[in-house]
């Protein structure tokens, strides 16, 4: 299964089916390949849900999207669904069922071996003992996914560190994990504070939030709120389509700025606390600007730096300040990462000397 880049729709709420279909059209234009929905919202009208849900799933499938549905046995019975009747689930349009509590480990493992191709999605807030037990019981990892919750109430979402620790544990046992972004343009009924997994992303736009989720180890990413705008969905897909991208305001007019715009750089160094380092630039072939340009002064966190030719073999190296550091006459300041993207620096590290590649997008 390819990485899921998803939006959410919720039938039986305050959004009619025509609006949902229009949203699916926008999602297709944006490159979205998955839909998240729920069949256990107490606010949802059961009759409208029964009418609209099969239409929504059919339209999603026509657009090449898989449908993940949050569902539990206590609510499935309202729709005449037996969660062990996978053929009926498939006809109802469900490709991935997110199971609620109430199942033994043995029952869950059995479900992951269904022959109808339905994937099982479980709550990511499990224990290592549970993951070890799933593995020992022979869980089918090809049809098993984990998913974090979203959090409608302020200050209840996960911290970055909590999310990363959970994701690292799931990856240790070979499982994929998904989470949710908040939309800044539309919130689900009665959820005016957004539906993110990570609390710090509640009011953050999709570009840095999606990239940070990738750095925190989320494999699959959905908007938790329904009807995210076309621009938001496009932004999320763009943010996840290549290496980490820092949006930068240029502080000078020089060919180096044009060269940096979209150019992929390799991160090197021993996960330094003070700076992000790039691989050396060949100033004679790759690097067209003047290595002695740049503003003087003490770099602030988020400043983009250029090593001058007085540093000899380091000439042309591009750096990013992770923190405020003292002035160095051999290094010039050429740009500054926009405020919303600076938080990416916190998790832009790996366990070895070579970190993930990165690039800059120059904001005019």
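The values are calculated or read from the model by the stated rules, or taken from the named source; none is laboratory data. Here the structure is a predicted model, which is why all the values come from computation and not from measurement. Every residue, glycine among them, receives a Cβ derived from its backbone with ideal geometry; neighbour counts consider all protein chains shown.
So which of 224, 262 is in contact (Cβ under 8 Å) with a residue 60 or more places away in the chain, within 26 Å of residue 202 (Cβ to Cβ) and either exposed (fewer than 14 other Cβ atoms within 10 Å of the Cβ) or assigned by TED's automatic domain parsing to the domain that holds residue 33 (or both)? Selected residue: 224, the only one of 224, 262 that is in contact (Cβ under 8 Å) with a residue 60 or more places away in the chain, within 26 Å of residue 202 (Cβ to Cβ) and either exposed (fewer than 14 other Cβ atoms within 10 Å of the Cβ) or assigned by TED's automatic domain parsing to the domain that holds residue 33 (or both).
For region 16-62, filtered to residues that are more than 25 Å from the chain's Cα centre (by Cα) and not in a helix (DSSP H, G or I), the residue that is farthest from residue 219 (Cα to Cα) is 45. Name the residues in region 122-136 that are farther than 20 Å from residue 97 by Cα and loosely packed, with under 14 Cβ neighbours inside 10 Å, would you? Once the filter is applied, which keeps residues that are farther than 20 Å from residue 97 by Cα and loosely packed, with under 14 Cβ neighbours inside 10 Å, region 122-136 yields 127, 128, 129, 132, 136. Residue count for region 1-15 under the criterion of being assigned to a loop (DSSP other than H, G, I, E, B) and touching a residue at least 40 places away in the same chain (Cβ under 8 Å): the result is 10. Scanning region 89-111 for residues that are crowded, with 21+ Cβ neighbours inside 10 Å and closer than 18 Å to residue 177 by Cβ returns 95, 96, 97, 98. When region 143-181 is filtered for residues that are in contact (Cβ under 8 Å) with a residue 40 or more places away in the chain, under 17 Å from residue 99 (Cβ atoms) and assigned to a helix (DSSP H, G or I), only 170 remains. Return the residues of region 227-238 that are buried (at least 24 other Cβ atoms within 10 Å of the Cβ) and within 28 Å of residue 144 (Cβ to Cβ); say none if nothing qualifies. Within region 227-238, 228, 233, 236 meet the criteria. Does at least one position in region 163-176 carry a residue that is at pLDDT 95 or above and more than 20 Å from the chain's Cα centre (by Cα)? Taking every residue of region 163-176 in turn, at least one turns out to be at pLDDT 95 or above and more than 20 Å from the chain's Cα centre (by Cα).
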